[in-house]
Amino acid sequence: MDNLFAWCIVPFDVKQRSPQERIDMLQRLGFKSYAYDWRTEHLDEMAMELQLAQNSGIEVKSVWMWLDPASDSLGALSPDNERVFQIIEDIGLKTELWVSFPESYYKDLSDSAAMDKGVKIVEYLSIRAQKLGCKVGLYNHGA
């Protein structure tokens, strides 16, 4: 169990457990770390769950971040993604941000322009993450 971590237990929890119930489940199953995947409806409880995990000795390996072309751009993240950054800062979490992009993020761009856009947004996110003691990783979602 030392090299395993739970993933996608928040948005795909058929029982819709509370943050405390999810942390209890992780402990009961013997997990020592997990990656926090979320949807908008989970943001109100995100800080509580991440703090419960830390207080229970469960490492928060990462926090997932989805970039949407309609609401996330260089220097202007969606309210949800801004809130994720704020929660991480507020609780002092040092983790990785796993960043994913839909194909539509690069719609109608040449390969060169898409690469430039991707590099710039990842650089922007990395600078913000470093200020919080975090790192950015790319998560190849569904490709």
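Normalising the Debye intensity of the range 6-138 to I(0), with uniform scatterers on Cα atoms only, and taking log10 at q = 0.10 Å⁻¹ returns -0.34. Computed from label points 7 Å out along Cα-Cβ, the spacing between Glu45 and Ala70 is 2.6 nm. Close amide H partners of Ser73, meaning residues 5 or more places away or on another chain with modelled amide H under 5 Å apart, are Ser78. Along the chain, the exposed loop sites are trypsin sites (Lys or Arg not before Pro) outside DSSP states H, G, I, E and B with at most 15 other Cβ atoms within 10 Å, and the longest stretch free of them is 40-93. Couplings 3J(HN,Hα) of the range 14-28, computed from phi: 4, 8, 6, 5, 6, x, 5, 5, 5, 5, 4, 4, 4, 5, 4 Hz, in residue order, whole Hz [Karplus 6.51 cos²θ - 1.76 cosθ + 1.60, θ = phi - 60°; x for Gly and Pro].
For the range 40-51, backbone phi angles converted through the Karplus equation (6.51, -1.76, 1.60; θ = phi - 60°) give residue-by-residue couplings of 3, 5, 8, 5, 5, 10, 4, 4, 4, 5, 5, 5 Hz, Gly and Pro being listed as x. With contributions of -39500 (n - 2.57) from each DSSP H run of at least four residues, the per-residue ellipticity at 222 nm computed over the chain stands at -13000 deg cm²/dmol.
FYI, it's all coordinate maths here, none of it is from the lab. Fair warning: this is a prediction, and the values are worked out from it, not measured in the lab. A quick note on method: Cβ atoms are made from the backbone with ideal geometry, for glycine too, and the neighbour counts reach across all protein chains shown.
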